[in-house]
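The values are calculated or read from the model by the stated rules, or taken from the named source; none is laboratory data. Nothing here was measured: the structure is a model prediction, and the numbers come from that model. As a convention, Cβ positions derive from the backbone with ideal geometry for all residues, glycine included, and neighbour counts pool all protein chains shown.
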Amino acid sequence: MNTGIFHAGWFSNRFVNRVLHKTLWAVVLPLCTVWNIGSAVVEHRAQGTDNSAATSFAVQTATELPTQWQGVPLRPLALGDVEMRFARHFPGTVARMTDGSQVLVLRTVVRPTRMLHPASDCYRGLGYRIHSEQLEVQADQQRWRCFVAQRGAKAVRVCERIEDAQGQGYTDTSAWYWASITGQSHGPWQAVTVATPLIATASRVTVALAPILTN
């Protein structure tokens, strides 16, 4: 075969060849574009997976569950309806424990998020009436935000606070959020919610002597 004739015929400036060349480029260029886009999408998804895995690992690493509360041993509990509402779309970990008389819920995040809602929002969403809200300094000399959540004859006294990696505490989620995004507070952060079951009567709410409520 005469390659010179082949090359001359293929690359010669003929109408048919010009049409073939344009057709070939019209097919090849879109394929290259699709290939580049596909590669970019795969790389982006891989990076997203890596970032998600890294965030998940960081959250798990940052979550150190206490073994006791105020000198009393803790044991883990399954998440109840309130905690499931906490955990919905929550970008962190949620753990539920009890010392036998009250329930502790620990929510941990490693980055600022608007999904760290106050406990009162979750109780309201489940039909509880919120009253007796106040700030108080408890025996641990830390400031807590407390309230009573009541639904029919069922009532709990709830106290909560958010603590950062340096031990600085917040009783307001908005104050914590702005402090965290402006660099005044550094994570990981842990929101501690303590719920003590109460007995609701017609005129008052008293601390229950019955076993702890499980939901």
>> So, in the stretch 84-137, exactly how many residues are aromatic (Phe, Trp, Tyr) and touching an Asp or Glu at 6+ places or on another chain (Cβ under 7 Å)?
In response: 0
> So how many residues does the stretch 121-132 have that are within 19 Å of Val192 (Cβ to Cβ) and modelled with pLDDT of 95 or more?
Replying inline: 1
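Would you pick out the residues in the stretch 142-168 that are within 20 Å of Val109 (Cα to Cα) and surrounded by 13 or more Cβ atoms within 10 Å (Cβ to Cβ)?
Residues of the stretch 142-168 that are within 20 Å of Val109 (Cα to Cα), as a first pass: 144-145, 159-168.
Correct list: Trp144, Arg145, Cys159, Glu160, Arg161, Ile162, Glu163, Asp164, Ala165, Gln168.
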>> Just to confirm my filter: which strands (runs of 3 or more DSSP E) fall fully inside the stretch 93-192 and include at least 3 residues that are in contact (Cβ under 8 Å) with a residue 60 or more places away in the chain?
In response: 103-109
> Which of the residues belonging to the stretch 144-155 are under 19 Å from Thr173 (Cβ atoms) and at pLDDT below 95?
Replying inline: none
> Taking the stretch 114-141 as the region of interest, how many residues are surrounded by fewer than 17 Cβ atoms within 10 Å (Cβ to Cβ) and either of a type in the set (Val, Ile, Thr) or over 12 Å from Val82 (Cα atoms) (or both)?
Replying inline: 15
